[in-house]
Amino acid sequence: MSIIVEEIARQIGKDLPSAGVTYLENPSPSEQHSILVESESLVEVMTYLRDTSGLEFDYLSNLSGVDWPQGDVAEKVANKKSGDESEQGEAVEEGAEDQGEKPAGEFLEVVYHLYSMALKEGPLVLRARTQDRGENNAVASVTPVYRSAEFQEREAFDLFGIDFTGHPDLRRILMWDEYEDFPMRKDYVNPDDYEYEPTPHADTLKRAEAHYPQAEPEQAESKDEQVESQD
């Protein structure tokens, strides 16, 4: 089969009417359109895509996080069409509103790329979003469906702070356990503490020196003081 994402989204909506899926069109030359899935239905939808004859998306090749401090930007990127006329742009925004899936404010997003190894098809791109970037930062883990998600969800948790509910071993995988920030978020600020830098140089050295002021060098002992200390 040749993947037609809109038809797959329509099929999911028909067979799983409570799943809450939305078709998102990608206007770029790649035309990798995607399906937005509500977190509560994510495991159900993934299982359906894996086990349904004719779909058989049995392999999750990639899972990555995206930080959207401005949720409206994500919606415009996902739904806009190519063209220079402003009337076309207005029509697109009206269509996006009709979908009823535009989130309020900021959120974190997880992007999944599925392949069917049996049918040699893919990728099928799915998306799931958190309610916000604060306390409501959870997305259901798909590890029960695709074991390949285990380490990739840990990486998204480590770098973006996405809480994957139901993950069997959710902990940092790149940063150390005591680390308190999320380096891939767009509002991340580089620390001035470069204690761990083995060979600080250039700007890194300047920041390290500012964070750790150099102690004043001790004065060398005179010969008389050296003799007294020996006595």
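Rule-based calculations on the coordinates, nothing more; no lab input. Just so it is clear, the structure is predicted and the values come from calculations on it, not from any experiment. Every residue, glycine as well, gets a Cβ built from its backbone with ideal geometry; the counts of neighbours run over all protein chains shown.
Taking H placed 1.01 Å from N in the peptide plane, check which residues at least 5 places from residue 162 or on another chain put their amide H under 5 Å from its amide H.
Those qualifying (amide H under 5 Å, at least 5 residues apart or on another chain) are 157.
Within the set of other residues whose C-beta is less than 12 Å from the C-beta of residue 39, count the net charge using Lys and Arg as +1 and Asp and Glu as -1. Don't jump to the answer; show the numbers that get you there.
Details: positive: 127, 129; negative: 38, 40, 44, 109, 163.
Neighbour charge sum, excluding residue 39 itself: -3.
With a 10 Å Cβ neighbour count serving as the proxy for reagent exposure, in which order, fewest first, do 5, 110 appear?
Values: 5 19, 110 26.
Ranking 5, 110 by Cβ neighbours within 10 Å, fewest first, gives 5, 110.
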